[in-house]
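Heads up: the structure comes next, in structure tokens.
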Amino acid sequence: MRKLSSLSLVIPVYNERETLAYLRAELERWLPSLEDMTTEILLVDDGSTDGSLPILSRWAAEDSRIKVISFSRNFGHQAAVSAGLQHAVGDAVVIIDADLQDPLDVIPDMIALYEDGYDVAYGQRMARHGETRFKLVTAWLFYRIMRLWVHKGLPVDTGDFRLISRQCVDCINSMPEAHRFLRGMVAWAGFPQVAVPYARAERRFGETKYPLYKMLRFAWVAITSFSTVPLKIVTAAGGIFSLLGLGAGIYALASHVTGHTVPGWTSLMGFNALMGGLVLMGLGLIGEYVGKIYEEVKGRPLYVVQRTINISRE
């Protein structure tokens, strides 16, 4: 049985001014429960425009455990989490959102599982309070589609809230891809992983940073950056329509030989339109993958840090 001696909390922050006072109060209430453990809190400001950064700066000036990474602009949630993982020094790292819908009091259960030998303890949502039925249904579909199309080992009903061992963090940090789907990357990395069931609380302040359109965009990025299933679907559809076209050709030839040729202008135009649409869809999908190759080949950094607080240059 191993003992956890140091823990890093990675908390992405994007326009969370209304939430930060609550976040600080909850952390100051909870941190003393981690006896004989060195802790650091990495707050990654993802280009906030609502005045969150000055609040974080004052907080860091009053508490050396608070470390701030400020981006030059908004680079997205996955980039912010990645920055936290790359700067964290703890033997284990917990990823948690600033709104604390994922409760801090679940983390001791994750630590206990880490000490039992698990490298990843991920929070699995058994209930989601304060969310509409539409949100619940779309979230349920999202995770099942991700499991089907992205990675069969991807756990359902989980977000980025999880504890990750240093060995697994180093593995994630070694992955250079620009289009990141961290949940899939952690699942792909392997290592012993276990679920920690919990009830997700209602958001207390501000608005969600993941409305439906962002969730759909996130799903599309995850699928196309982590899986070739869409290409396989288009290939299968092309094969099916090729067989249908062959059957139509045989039927047309037989009709011509027997003298029962029918003009068939409408059906011909409809079939051509269908095939044209399929070809264009396939080309567009291939373009998505080529575009991602283009982004990767450029080799630009995942994010740009404008300033840091309480973090040494090394």
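Coordinate-derived values only; no laboratory data. Small disclaimer: the values here were computed from a predicted structure and weren't measured. Because the Cβ atoms are built from the backbone with ideal geometry, glycine has one as well, and the counts that use them run over all protein chains shown.
For this structure, a couple of remarks:
- Where a residue in region 98-119 is within 23 Å of ILE172 (Cα to Cα) and its partner, wherever it lies, is among the acidic types (Asp, Glu), with Cβ under 6 Å and at least six apart: ALA98/GLU16
- In region 161-181, the residues that are in contact with a helix residue (DSSP H, G or I) (Cβ under 6 Å, 6 or more places away or on another chain), within 23 Å of LEU100 (Cβ to Cβ) and of a type outside the set (Val, Ile, Thr): LEU163
- Some residue of region 45-56 being buried (at least 22 other Cβ atoms within 10 Å of the Cβ) and charged (D, E, K, R): yes
- Candidates LEU23, LEU27, LEU31, filtered to the one that is out of contact with any Asp or Glu (no Cβ under 6 Å at 6 or more places or on another chain) and surrounded by fewer than 18 Cβ atoms within 10 Å (Cβ to Cβ): LEU31
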